[in-house]
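Encoded as structure tokens, the structure appears first; notes follow it.
Bear in mind these aren't lab numbers, they're just calculated from the coordinates by the rules spelled out. These figures come from a predicted structure and were not determined experimentally. Reconstructed Cβ throughout: ideal geometry from the backbone, glycine too, with neighbour counts over all protein chains shown.
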Protein chains: 2
Amino acid sequence: MSPLNVALIGFGNVGGGVARLLLEKSERLAQRAGRPIVLKRVVVRDPSRPRAVSLPDGMISSDVREAILDPQIDTVVELIGGTTAAHDVVMDALAEGKDVVTANKALLCTHGDAIFERARTAKCCVAFEASVAGGIPIVATISQGLAANQINSIEAILNGTSNFILTEMLAKRVAYQDVLAEAQRLGYAEADPTLDVDGTDAAQKITLLTRLAFGTKVPLSAFPRQGIDTLELADLIYAEELGYRVKLLGVAKRVGSKLEMHVQPTLVRREKPIAQVSGAYNMVRLEGDAVGSLWLSGAGAGAMPTASAVVADLIDVATGRAARTFPQLDLWQSHPPLPIQPPEDIERRYYLRFNVEDRPHVFAEICDVLGRHGISLASIIQHEVPEHDDRAAGSDAVPAIPAVLMTHRAREGQFRTADVELEKLACVRTPRVRLPVAD
Amino acid sequence: MSPLNVALIGFGNVGGGVARLLLEKSERLAQRAGRPIVLKRVVVRDPSRPRAVSLPDGMISSDVREAILDPQIDTVVELIGGTTAAHDVVMDALAEGKDVVTANKALLCTHGDAIFERARTAKCCVAFEASVAGGIPIVATISQGLAANQINSIEAILNGTSNFILTEMLAKRVAYQDVLAEAQRLGYAEADPTLDVDGTDAAQKITLLTRLAFGTKVPLSAFPRQGIDTLELADLIYAEELGYRVKLLGVAKRVGSKLEMHVQPTLVRREKPIAQVSGAYNMVRLEGDAVGSLWLSGAGAGAMPTASAVVADLIDVATGRAARTFPQLDLWQSHPPLPIQPPEDIERRYYLRFNVEDRPHVFAEICDVLGRHGISLASIIQHEVPEHDDRAAGSDAVPAIPAVLMTHRAREGQFRTADVELEKLACVRTPRVRLPVAD
């Protein structure tokens, strides 16, 4: 059979991994694809820069248009990232009738509609396994492996950097900033880690999975999103004491006729598989109406795990599977989409930490506010403060001590109005922490 | 597009689940397959027997040949189990040019060669996602999701009944026989549980995964196989004390240029994801040269989880994906297969429990035998026996006490010859237990 000729646009970490597989494992890939998959062109901004992976002479260039227009090229792999140049690459490739493989979740979140529509019009396909959870075949599992199911819930750790930081904070009892610095040194966190640690990356990924699993397009602004960048070590330790681990959890699930979504540091019971994911790994738990619960876990990032997913997509394109899968994906909202649950209606249990004045009646004041908003308590931790610490902060001030409460289920709206009143209580100092608890 | 017409041969638990999905979720399935998937015929031994799932009039019959020969039928789903009648159904369907979906691991282990060959000749496909690990899409993950990888290792819990029994034994501190009786009462174990608890079921499944992942056909007789039916509670408790859980672990991995395989109760470090799988769940850990480690976990049996996999296969047949996947599967040993490591060359750490006489020099005698066979010790547990138990068994006999040893790595062959000598030591009584430890 004729080879599948590939142009690689972008040659960073993942691009290098893809090139290595295509060049060094060509026999293996040809056997599994039923035809050779041939790397023909690699496009970079600066072809003269030295690269970790050496390419055959004449393969590398800086001319994107030339690569895309080359009639020899069947499939374009977009690995430049971002949403501007990548957008042009993908739209141009589709316009030329080329199939596209991409690992770019931000692009699909921002321009997914236009891209998927153009692919459909051009009768091409867009394969994007590598865009969510790196080497974990989560796109295939939702759209093929569980195709017989109605997915009822997705619960996932989708940002390896955040999970690495949370794991290290707890294991070494070190503050966020110190672990972040270490993670940057080790290459687990980027020089500018903002999108990882503020929850944006995980939120983009959960919206992509939501689109596939529920057929609903959700803008990032429509659901609560919070990163790990404001977490304090104390809360990880209190959670542990209560039998929980704090994870940056992305959730999308059916609740009645609505879709509940959020990405937040969340307390997960320590026995649950998601709580036990440590380090830079990802995990996705799916619940389907036939299959029940299914867990997938593995490397969510990294050059070779992500390249594994990109090349699996290329094999799917080469065999013709991708052309059969793509039109059946739930990307066009052929049926009425599930509406999003308004954030204030999301009902959950919460972990609350207060810094309160160490004097009589304080608990009564807090519990009175919570009670009046219909929030009832499940458990309380308040440790005795050692005598010598008692007046450490200043001799005339009433000292502050931490108090941790676990509530029963209540709506976010109830907590928000309670928060306004708690803010005004003289006995409550900063910081005041509120984290959701997973079901 | 024209519908995919299906005949269901066998209408037990899983068959009922498949029928329910096809009849009750037809709209959902048609959307994902791009065409209707229509249940046309159901064949059973006794059509007059009442069934949990009600079928349209005239759908059920007892005539297999008529169903297979019906030119209307495109795809035959074999769910009768066993290796005799099922073999005829599958071979006849393929001879008629029909695609086949089956959940029958025993059939594929016994007659896989003839079935796969006939399918290839007939240009049909055989889809068998449901034959291993129920609802977990492990066949698709090995053959598609990780298609870019060389698989280096598979480690798996593949028998839910065994895992349920092991979990309950440890949690409730109850002996094997008592938990088995309870599991039978709850429906987690069959009336005759032999194939589940003696390791045969798990061994059949690991050989199927091995064939897919390594391209090697392995007869059950070629590797060590041991079930949980001879395990004693004491060993689960000692393992826990040492930081391990005992799991019925199926393993197939590359070691040098050989394939190491075994299915045995195995000690797994408690922190590992596989150790944490409790109840009737399955887990498969794959290691690929690009993706690294990947874990999949979910229900390994049960009507609806297995039906989820069967119907996913039907959707793959309906879209044409299965026809593109099947010929690329590593079922024909186009390349030289990996030879099997002879059992006596398998090198591992071991857990040893002895019942020894409580008198001087006993440890010296045991350690001398082990040492002379090149087996060195990593740790020892021997608990002090309460004074009043000391001579409980009989006044003139030297009492026996348990001693637990963990060894460093050594070859199975070394242990076998040591076993012969240990057997002869006067100080060593029965039972003598030896269980492997996972890396």
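Taking Cα centre as origin and charging only the Cβ of basic (Lys, Arg, +1) and acidic (Asp, Glu, -1) residues, the dipole magnitude of the stretch B:138-299 rounds to 600 debye. Of all DSSP bridge pairs formed entirely within chain A, close to 70 percent run antiparallel. Each residue in B:158, B:377 was given a count of other beta-carbon atoms within 10 angstrom of its own, and listing them fewest first yields B:377, B:158. Taking chain A as a Gaussian network of alpha-carbon nodes connected by springs under 10 Å, the highest mean-square fluctuation of the residues A:381, A:274, A:340 belongs to A:381.
Charge dipole (Cα centre; +1 on Lys/Arg Cβ, -1 on Asp/Glu Cβ; no other charges) of chain B amounts to roughly 1240 debye. Inter-copy label distances for residue B:371: 7.2 nm (label point placed 7 Å from Cα along Cα→Cβ; shortest first). With label points defined 7 Å past Cα in the direction of Cβ, position residue B:230 shows copy-to-copy spacings of 6.1 nm, given to one decimal and shortest first. Shape class of the protein assembly as shown from the alpha-carbon gyration tensor: rounded, with the ratio a/c of largest to smallest axis under 1.5.
Since only B:68, B:87, B:48 are under comparison, the one whose Cα sits farthest along the positive direction of the charge dipole of the stretch B:41-95, derived from C-beta charges on Lys, Arg, Asp and Glu, is B:48.
The helix-based estimate of mean residue ellipticity at 222 nm for the protein assembly as shown, built from -39,500 (n - 2.57) per DSSP H run of four or more residues and divided by its residue count, is -10500 deg cm²/dmol to the nearest 500. Answer with one residue from B:410, B:382, B:362: the one whose Cα lies farthest towards the positive end of the charge dipole of the stretch B:344-437, charges on Cβ with Lys, Arg +1 and Asp, Glu -1. The residue sitting most towards the positive pole is B:410.
In order along the stretch B:137-152, the Karplus-derived 3J(HN,Hα) couplings, from 6.51 cos²θ - 1.76 cosθ + 1.60 at θ = phi - 60°, round to x, 7, 5, 5, 5, 5, 8, 10, x, 9, 4, 7, 9, 8, 6, 9 Hz, and Gly and Pro are given as x. Quick one: go through the stretch A:256-270 and flag any residue whose amide nitrogen is under 14 Å from the point 7 Å out along the Cα-to-Cβ line of residue A:439. Zone members listed by number: A:256-262.
One compactness figure for the stretch B:290-439 is 1.69, namely its Cα radius of gyration divided by 2.2 N^0.38 Å. What list of ³J(HN,Hα) values in whole Hz, one per residue of the stretch A:102-109 in order, does the Karplus curve 6.51 cos²θ - 1.76 cosθ + 1.60 (θ = phi - 60°) give from phi, with Gly and Pro shown as x? With the stated coefficients, the stretch A:102-109 comes to 9, 10, 9, 5, 4, 4, 5, 5 Hz.
Classification of the stretch B:37-173 by its C-alpha gyration tensor yields an oblate form. The axis ratio a/c (a ≥ b ≥ c) is 1.5 or more, and b/c is at least a/b.
Can you classify the stretch A:1-101 as rounded, prolate or oblate using the Cα gyration tensor, where a ≥ b ≥ c are the square roots of its eigenvalues, rounded means a/c under 1.5, and otherwise it's prolate if a/b beats b/c and oblate if not? Oblate. Cβ crowding within 10 Å ranks A:40, A:205 as A:40, A:205, fewest other Cβ atoms first. Taking the Cα centre of the protein assembly as shown as reference, the dipole from Cβ charges on Lys and Arg (+1) and Asp and Glu (-1) amounts to some 1820 debye. Among A:424, A:25, the ranking by other beta carbons within 10 Å of each residue's beta carbon, starting with the fewest, stands as A:424, A:25.
Give the residue from A:399, A:183, A:3 lying farthest towards the positive end of the charge dipole for chain A; charges sit on Cβ (+1 for Lys and Arg, -1 for Asp and Glu) and the dipole is referred to the Cα centre. Towards the positive end, the residue furthest out is A:3.
Each other copy places its own label point for residue A:270 at 1.1 nm from this one, sorted shortest first, where the point lies 7 Å along the Cα-to-beta carbon line.
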